[in-house]
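Visitor: Quick one: this structure, given as structure tokens, is what I'll be asking you about.
The values are calculated or read from the model by the stated rules, or taken from the named source; none is laboratory data. The model shown is predicted, which means the values in this text are computed figures rather than measured ones. Note: ideal-geometry Cβ built from the backbone for every residue, glycine included; neighbour counts use all protein chains shown. With ligands, DNA and RNA removed, areas are computed over all heavy atoms of the protein, side chains included. Shrake-Rupley method; radii C 1.70, N 1.55, O 1.52, S 1.80 Å.
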Amino acid sequence: MLTFNEIIKSYDIFDTVITRTVIHPDHLHWAVGRTLRREGLISESDETWRQIRIAAEHRARRKKNGAEVSISDIYGMLMPKLASQHHSRAIEIELALELTHIRPVPPIQTEIKALRNAGTAPIFISDIYLDSQYVNLILARCGYDPDPGALFLSSVIGTTKASGQLFEHVKRTLGKGLHHTGDHPLSDVKIPRQHGCIALQFTATKPTQNEEYLFFSGNQDYISSVIAGAARLSRLKASERHPDVSCVAASVVGPLLSSYVLSLTGEAQRLGIRRLFFLARDGQILARVAKLAVQWAGYEIDCRYILGSRQAFHLASLPTNLAMALTLAVAESASKTVQECLVELEFNCSAGEAILEDAKLSSSTLLDNAAAAALRHTLAKSPWAGVLTTRIAERKTALCAYLTQQGFFDGERSAIVDLGWLGNVQRRLEAAVREARPDGVMGFYYNLVQNAGLEGRVWRYTDNRRNGALLEAFCVADHTSTKGFSVGDDGAAYGMGIEPDARSLAWGVDELQKGVLDFAEAFFSTINRSLYSPEEVEKVMRKVSSRQFGRFLVAPLPDEAEVFGRIFHAAAQAHLFEVSLAPRLNSIGLGRMLVSKRYRRAIGFWPIGSIVRSRHSAAGKILYIFIKIYRYFDFMWLKFGPSLLRRTSD
């Protein structure tokens, strides 16, 4: 029997130690076909070339009768589709594109690094048509740097893992047993075990249903495949602290936010805008993704993240005339409580209690006409009138000073970016800086429900009124909201109330943002800008990400509903009242939620998420069955529906 010292660790290469940023290996041929056509070497479409290339490899393997083929053998089967004098150039193109799509698999990379640190050098075994020099280059690019003699390739040795003879060759050559890890259940697990090897299957690189959903949601083309492949790579890079957060970031949030910023930066470029100010807090992750997008697209746009919020701009936007300021401030607080209005005017608890006592109001009183009149009357008297007048002037001065520091008034044509909804942030900002920007401010939004007074100065990514609270959760920041601006003793303006958001950090906001950025980096570093225009990419990405977000809304997986359903959200400006997006409910609560619109609004923002989180209750179990059925048939239709329709039309 072999002892531990007589066993060497071996790894499969593709989809074990390295992966590609396309979801399936043969999807690379779409990009090869487009490159060949751009160079005038073929006339076929991307898809036709892919089919030709796949068929050529099958014919080459049949001709070799089970022995491994080389890439030259494959291209030798392509005549007359590709003239023989062009074979070397076509091979060069394919190999160059292969290099741009390979990435190391992080968990295996960590494992191999630990082996090397322990003084153990692993070997690599692969059924592949590429030669050893090129495979060495691939492994080196991914940071593996195999030792001399550590590569055992079917293309070099002439026998394969699938036959089992490659494992026998390795054992004879090294005089040792093998502990093999690979992704294929047959050639990496069953067959090596039959030949006396220890074998473990590595399944992390297998596409998840969400990643397959991304591919099938698009045109089932190269761009769709890179979206899915980038999501897989982002998932593989996730830490073990918040894996559920990372998975949603990779396959849902990353594609959606990347599509949004690619679209808005493209429109900004068209309009000649050279600076985009991404407003806190939604803009924290958006700005970072946008920097990757504009770098890839070649846009001359400076993306900056600045502090700002409805509350931060509120006092600065009010008129200097106190009577007008009070009328406007109270009118904007209509339907809110007196307490909310006082918080928005930055009165603390002790001052608020004194004002309430003087006005003979309670903190929970809704601001109807009578309450509004009483509050205005009290605030117009001393000492509150002086306090409020001074505070408005200070906030207006401090905001302008802060924006000056950030380059808002530099003369560059600029715009703000936010998720949107009602447009109050832009209206208040315009009011606060009207003297410096009399023509107003351009705003870019995911969606804007109300644009009254902003006509001609707003752009929307979509008019679809989907769950805004969930979108804000996707863009959650790692710091608290800005309450306003002040000027320090050193003359510098700063945001008030900014500190690390302990609750968001404990939930996993750092992993969410990392997952989104890992997706965006993988995607934009893969797509060749000279082959695929920003407009073409954005069109496919919009289709894919919108479909995936729709699936997330109406048929979330249990882990997805759990991780985002427990986020707390406050719709109002003052952030005094928060509820979780999708609370767990018992059967009675679920019944009330289904029949009462008012109850749904009171308890949360994502009813389907509540159903999935409550699936262990009697009612929840039944309702969740329908969600699973919908999810199954939705995926099956995406996967097989287009081909069925084509066959029907034929």
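Visitor: Could you give every pair whose Cβ atoms fall below 9 Å, whose first residue belongs to the stretch 505-520 and is farther than 13 Å from Arg288 by Cβ, and whose second residue is among the polar types (S, T, N, Q) and open to solvent by 30 Å² or more (accessible area, probe 1.4 Å), counting only separations of at least 6 or pairs across chains?
Guide: Every condition considered, the pairs that remain are Glu511/Ser239.
Visitor: Within the stretch 110-119, which residues are buried (at least 19 other Cβ atoms within 10 Å of the Cβ) and among the charged types (D, E, K, R)? So that I can check it myself, show each step before the final result.
Guide: Let us first name the residues in the stretch 110-119 that are buried (at least 19 other Cβ atoms within 10 Å of the Cβ), namely 112.
None; the set is empty.
Visitor: With the checklist (1) closer than 23 Å to Pro146 by Cβ; (2) assigned to a loop (DSSP other than H, G, I, E, B); (3) within 36 Å of the chain's Cα centre (by Cα) in hand, flag the one item Val69 doesn't pass.
Guide: Among (1) closer than 23 Å to Pro146 by Cβ; (2) assigned to a loop (DSSP other than H, G, I, E, B); (3) within 36 Å of the chain's Cα centre (by Cα), Val69 violates only (3).
Visitor: Could you grab me the full set of residues in the stretch 202-212 that are part of a helix (DSSP H, G or I) and either over 17 Å from Arg547 (Cα atoms) or open to solvent by 10 Å² or more (accessible area, probe 1.4 Å) (or both)?
Guide: Within the stretch 202-212, Gln209, Asn210, Glu212 qualify.
Visitor: Also: Checking the conditions here, which among Asp418, Asp410 is within 21 Å of Leu276 (Cα to Cα) and in contact with an Asp or Glu (Cβ under 7 Å, 6 or more places away or on another chain)?
Guide: Asp418
Visitor: Considering only residues that are open to solvent by 30 Å² or more (accessible area, probe 1.4 Å), part of a helix (DSSP H, G or I) and in contact (Cβ under 8 Å) with a residue 60 or more places away in the chain, which ones fall in the stretch 299-331?
Guide: Of everything in the stretch 299-331, those that are open to solvent by 30 Å² or more (accessible area, probe 1.4 Å), part of a helix (DSSP H, G or I) and in contact (Cβ under 8 Å) with a residue 60 or more places away in the chain turn out to be Arg310, Leu322.
Visitor: Moving to a separate point now. Quick one: which residue in Thr160, Thr100, Thr120 is β-branched (Val, Ile, Thr) and out of contact with any helix residue (DSSP H, G or I) (no Cβ under 7 Å at 6 or more places or on another chain)?
Guide: Exactly one residue qualifies, and that residue is Thr120.
Visitor: Looking at (1) farther than 20 Å from Ala238 by Cβ; (2) in contact (Cβ under 8 Å) with a residue 60 or more places away in the chain, find the lone condition where Pro500 falls short.
Guide: It is condition (2) that Pro500 fails.
Visitor: Give all pairs with beta carbons closer than 6 Å in which a residue from the stretch 182-207 that is under 23 Å from Cys247 (Cβ atoms) and of a type in the set (S, T, N, Q) meets a residue that is part of a helix (DSSP H, G or I) and modelled with pLDDT of 95 or more; count only pairs at least 6 apart in sequence or on separate chains.
Guide: Sorted first by the residue in the stretch 182-207, then by its partner, the pairs are Gln201/Val189.
Visitor: Let me ask you something else. Among the residues of the stretch 186-201, is any in a loop (DSSP other than H, G, I, E, B), at pLDDT 95 or above and surrounded by fewer than 19 Cβ atoms within 10 Å (Cβ to Cβ)?
Guide: No, every residue in the stretch 186-201 fails to be in a loop (DSSP other than H, G, I, E, B), at pLDDT 95 or above and surrounded by fewer than 19 Cβ atoms within 10 Å (Cβ to Cβ).
Visitor: Could you identify the single residue in Asn136, Asn219 that is part of a helix (DSSP H, G or I) and within 34 Å of the chain's Cα centre (by Cα)?
Guide: Numbers: Asn219 fails: part of a helix (DSSP H, G or I).
Going through Asn136, Asn219 in turn, the sole match is Asn136.
Visitor: Could you tell me whether the stretch 549-572 includes any residue that is open to solvent by 30 Å² or more (accessible area, probe 1.4 Å), among the charged types (D, E, K, R) and within 25 Å of Gly229 (Cβ to Cβ)?
Guide: yes
Visitor: Could you name every one of the strands (runs of 3 or more DSSP E) located completely within the stretch 409-496 that has at least 2 residues being open to solvent by less than 20 Å² (accessible area, probe 1.4 Å)?
Guide: 414-421, 442-448, 484-487, 493-496
Visitor: Evaluate the stretch 583-591: report whether one residue or more is modelled with pLDDT under 95 and in contact with a strand residue (DSSP E or B) (Cβ under 7 Å, 6 or more places away or on another chain).
Guide: no
Visitor: Across the stretch 53-73, which residue is nearest to Ala83 (Cα to Cα) among those that are surrounded by fewer than 18 Cβ atoms within 10 Å (Cβ to Cβ) and not basic (Lys, Arg)?
Guide: Ranking the candidates gives Ser72 first.
Visitor: Could you please let me know if Thr21 is hydroxyl-bearing (Ser, Thr, Tyr), open to solvent by less than 40 Å² (accessible area, probe 1.4 Å) and either modelled with pLDDT of 95 or more or within 26 Å of Pro207 (Cα to Cα) (or both)?
Guide: Criteria met by Thr21.
Visitor: May I ask you to list the residues in the stretch 160-182 that are open to solvent by less than 40 Å² (accessible area, probe 1.4 Å) and under 25 Å from Tyr134 (Cα atoms)?
Guide: Thr160, Lys161, Gly164, Leu166, Phe167, Val170, Leu178, His180, Thr181, Gly182
Visitor: Mind telling me which of the residues Lys81, Lys9, Lys63 ends up being over 27 Å from Ala140 (Cβ atoms) and either among the hydrophobic types (A, V, I, L, M, F, W, C) or in contact (Cβ under 8 Å) with a residue 24 or more places away in the chain (or both)?
Guide: So the residue among Lys81, Lys9, Lys63 that is over 27 Å from Ala140 (Cβ atoms) and either among the hydrophobic types (A, V, I, L, M, F, W, C) or in contact (Cβ under 8 Å) with a residue 24 or more places away in the chain (or both) is Lys81.
Here is a yes/no grid of residues against (1) crowded, with 17+ Cβ neighbours inside 10 Å; (2) under 20 Å from Phe202 (Cβ atoms):
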{"site": "Met79", "(1), (2)": "no, no"}
{"site": "Ala90", "(1), (2)": "yes, no"}
{"site": "Val105", "(1), (2)": "yes, yes"}
{"site": "Ile108", "(1), (2)": "yes, yes"}
{"site": "Tyr129", "(1), (2)": "yes, no"}
{"site": "Pro146", "(1), (2)": "yes, yes"}
{"site": "Ser155", "(1), (2)": "yes, no"}
{"site": "Gly158", "(1), (2)": "no, no"}
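Visitor: So, Gln548, is that one at pLDDT 95 or above and either in contact with a strand residue (DSSP E or B) (Cβ under 8 Å, 6 or more places away or on another chain) or closer than 19 Å to Ala287 by Cα (or both) or not?
Guide: Taking the combined requirement at face value, the residue does not satisfy it.
Visitor: Given the structure, is Asn447 modelled with pLDDT under 90 and among the polar types (S, T, N, Q)?
Guide: It is false that Asn447 is modelled with pLDDT under 90 and among the polar types (S, T, N, Q).
Visitor: Which residue, of Leu326, Leu256, is of a type in the set (A, V, I, L, M, F, W, C) and touching a Ser or Thr at 6+ places or on another chain (Cβ under 6 Å)?
Guide: That would be Leu256, the only listed residue that is of a type in the set (A, V, I, L, M, F, W, C) and touching a Ser or Thr at 6+ places or on another chain (Cβ under 6 Å).
Visitor: Could you list all residues from the stretch 378-408 that are in contact with a helix residue (DSSP H, G or I) (Cβ under 7 Å, 6 or more places away or on another chain) and either without any contact (Cβ under 8 Å) to a residue 40 or more places away in the chain or open to solvent by 10 Å² or more (accessible area, probe 1.4 Å) (or both)?
Guide: Restricting attention to the stretch 378-408, the residues satisfying the condition of being in contact with a helix residue (DSSP H, G or I) (Cβ under 7 Å, 6 or more places away or on another chain) are 378-380, 384-385, 388-389, 391-392, 395-396, 399.
Hits for the stretch 378-408 are Thr378, Ala380, Trp384, Ala385, Thr389, Arg391, Arg395, Lys396.
Visitor: Here's a follow-up. Please enumerate the residues belonging to the stretch 54-95 that are out of contact with any helix residue (DSSP H, G or I) (no Cβ under 9 Å at 6 or more places or on another chain) and of a type in the set (Gly, Ala, Ser).
Guide: First, pick out the residues of the stretch 54-95 that are out of contact with any helix residue (DSSP H, G or I) (no Cβ under 9 Å at 6 or more places or on another chain): 55, 58, 62, 65-66, 80, 83, 85, 92.
Ala55, Gly66, Ala83 - these are the residues of the stretch 54-95 that are out of contact with any helix residue (DSSP H, G or I) (no Cβ under 9 Å at 6 or more places or on another chain) and of a type in the set (Gly, Ala, Ser).
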